[in-house]
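Q: My structure is below; once you've seen it, I'll send some questions.
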Amino acid sequence: MQPTLRRASGFALVGTLAVAAPVLGRAAFAPFAAVAVLAAFGVSDGPLFELFARPADRREGRLNGLTGFALAAAGLALLATEIGLPVTLFVAAVLVLAYGNLGKRLVAETTNNPFLGAAGFVVAGSLAGVAGQTTVASMSAEPVLVPRFVFLAVAGTLVAALFREMLFERDDPLVMLSTGMLLWLFDALALAVGTVDVAAALAVTVALGYVSYALGAASVAGMLSGVLLGLLVIVFGGIGWFAVLISFFGVGSLSTKFKYDEKKRRGIAEENEGARGTGNVLGNAAVALICVICFAASRSIPVDGAVFQYAFAGSMAAALSDTLSSELGGLYDNPRLITTFEPVSPGTDGGVTWQGEVFGLLGAAVVAAVALGLLPEVSPLGAAVVAVGGFLGMTADSVLGATVEGPRFGNEAVNFAATLVGAVLSAVAAIVLL
């Protein structure tokens, strides 16, 4: 057994201490505090040190990795017993990280494929998260809500896997705490989680992840971001919301791959063979995620949820409009700067072609049509509002590209601003006209 696998197994065993929380009550933090003290001051060599030590720990002669992991778990335990974090979520946050890392290391024993490693993390972490929540609920004589536990375990594991891809192994304490806080938010927003909803969400998101992997349409972090976004959109919004979302990702990814070699020759191709990374996914879909979270929260606040449907559709219309305008319009000659109409070289920020404008309008119309067909609150006039809002969002992207885009205001920030414009204009127009 490789040292990294043995170490992951040891961390998983330490994480399993969380399951004792219902028995320990307010002392649930104590086992982890004891492990932290032992790791920091009591073990500097010997078999235990060799089991848990990371390379940096060996250089420093101290188990800093285990200390941080245990302290983060102790902190979550205190939040659960003193502040109100559900104990099931404390246990889930610890287990999805501990066993997710173990699953990833098990896969690494046979292959170095990063996508399969991420899949190992998600599968092992999700199973551990479900088992932990179920065990704690049974020990506490609470209802065993399997669909809810599955949703929270999978969502938590995807969050942890995404953060692990973006950060470093030494940042596991930050990953654990962040996962626990986000699970608390997801639990508060998911008022009712049905078996059919969760089954559909899992089937669709697993298929999305596999397609992303098979087609090379996303990096590992981009794939995890897209799958997590899809899961949240389905559970908090519904299948119709997801269809609007996937209309952007599906059509947008195909347009990115279309005539990629020609785009590369022109100097306008996306990096990494067109695979979307986390920055690209969040730049285009962060506003949509905010909209679906606000929609879920609208059940508890005096705001009409339909407003957020229009904002969500408008943001996706702007994202697809901008993507098609850039990816397809960039294949044509004679682009002009949108602010001065001066001729510019292909790929210049803010440079547009009339063909790109037509493709952009078509992209906004595609999202509007999907919203009309599948979002219950969107009327024919509402679909027109979404299309116009999306087109204006694309135009805002071009203007920002010509005026402010640069090292301090990068492409992801411009994409975020454009989708925000599309969302706000669509929502305001819906309020005024409908």
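Coordinate-derived values only; no laboratory data. Model, not experiment: these values are computed from the prediction. Cβ sites come from the backbone with ideal geometry, for glycine too, and all protein chains shown count toward neighbours.
Q: Between Ser138 and Ala34, how many nm apart are label points set 7 Å from Cα along the C-beta direction?
A: Reported label-point gap for Ser138 and Ala34 is 2.5 nm.
Q: Next question, about the same structure. Could you give the nm distance between label points at Thr195 and Phe41, where each point is 7 Å from its Cα heading toward the beta carbon?
A: My value for the distance between the label points is 5.2 nm.
Q: If you stretched the chain out fully between Asp261 and Val404, how much longer would it get, using 0.36 nm times the residue separation minus the C-alpha to C-alpha distance?
A: Additional length available on full extension: 48.6 nm.
Q: For the chain, find the longest principal axis of its Cα atoms and tell me its angle to the long axis of helix 354-374, 0 to 90°, nearest 10.
A: Roughly 60 degrees between the two axes.
Q: Helix 114-139 against the longest principal axis of the chain: what's the angle in degrees, Cα atoms only, rounded to the nearest 10?
A: Compared with the principal axis, the helix lies near 60 degrees.
Q: What is the range 1-109 by shape, rounded, prolate or oblate, if you read a ≥ b ≥ c off the alpha carbon gyration tensor as root eigenvalues and call it rounded for a/c under 1.5, prolate for a/b larger than b/c, and oblate otherwise?
A: oblate
Q: I need Val370, Val91, Val123 ordered by Cβ neighbour count within 10 Å, fewest first.
A: Val123, Val370, Val91
Q: OK, next. Just to be sure I understand: if I project the alpha-carbon convex hull of the range 271-376 onto a plane and average over all orientations, what area do I get in nm²?
A: 8.3 nm²
Q: For the chain, what's the relative contact order in percent, using C-alpha pairs closer than 8 Å and at least 6 residues apart?
A: 11 percent.
Q: To continue, here is another question. Once every DSSP H run of n ≥ 4 in the chain is given -39500 (n - 2.57) and the sum is divided by its residues, what mean residue ellipticity at 222 nm do you get, rounded to the nearest 500 deg cm²/dmol?
A: After summing the helix terms and dividing by residue count, I get -24000 deg cm²/dmol.
Q: Follow-up. Run through all the Cα pairs of the chain and give the fraction in each 20 Å bin from 0, expressed as whole percent.
A: Spelled out per bin, shortest first, that is 25, 49, 24, 2.
Q: In addition: Angle between the Cα long axis of helix 87-108 and the longest principal axis of the chain, 0 to 90 degrees, nearest 10?
A: Once rounded, the angle reads 80 degrees.
Q: Also: Rank the residues Asp171, Asp349 as a footprinting-exposure proxy: fewest other Cβ atoms within 10 Å of their Cβ go first.
A: The order, fewest Cβ neighbours first, is Asp171, Asp349.
Q: Please express the Cα-Cα pair-distance distribution P(r) of the range 163-253 as a list of whole percents, one per 10 Å bin, running from 0 to the bin with the greatest distance.
A: Bins of 10 Å from zero give 15, 41, 34, 9 percent of pairs.
Q: With a cap of 14 neighbouring Cβ atoms within 10 Å, and only residues DSSP puts in a loop, list the chymotrypsin sites (Phe, Trp or Tyr not before Pro) found in the range 231-260.
A: Answer in residue order: Phe258.
Q: Something else about it: Label-point separation (nm) for Glu109 and Asp171, each offset 7 Å from Cα along Cα-to-Cβ?
A: A separation of 2.9 nm, rounded to one decimal place.
Q: May I pose another question? Could you give me the ³J(HN,Hα) list for the range 341-347, computed from phi with Karplus coefficients 6.51, -1.76, 1.60 and θ = phi - 60°, whole Hz, x at Gly and Pro?
A: After applying 6.51 cos²θ - 1.76 cosθ + 1.60, I find 6, 6, x, 9, 6, x, x Hz.
Q: Could you tell me the convex hull volume per residue, in Å³, taken over the Cα atoms of the range 304-434?
A: 95 Å³
Q: What ranking do Ile239, Ile83 get, fewest neighbouring Cβ atoms within 10 angstrom at the top?
A: Ordered by Cβ neighbours within 10 Å, fewest first: Ile83, Ile239.
Q: To continue, here is another question. Hey, how many Å between the Cα centroid of the range 387-430 and the Cα centroid of the range 101-161?
A: A separation of 37 Å, based on Cα centres.
Q: I would also like to ask the following. Mean projection of the alpha-carbon convex hull of the range 1-193 over all orientations, in nm²?
A: 10.5 nm²
Q: Treating only the Cβ atoms of Lys and Arg (+1) and Asp and Glu (-1) as charged, compute the dipole magnitude of the chain about its Cα centre; round to the nearest 20 debye.
A: The calculation lands at about 740 debye.
Q: Of the candidates Val196, Val130, Val37, which one comes out as most mobile in a Gaussian network treatment of the chain with C-alpha springs shorter than 10 Å?
A: Among Val196, Val130, Val37, the largest GNM mean-square fluctuation belongs to Val196.
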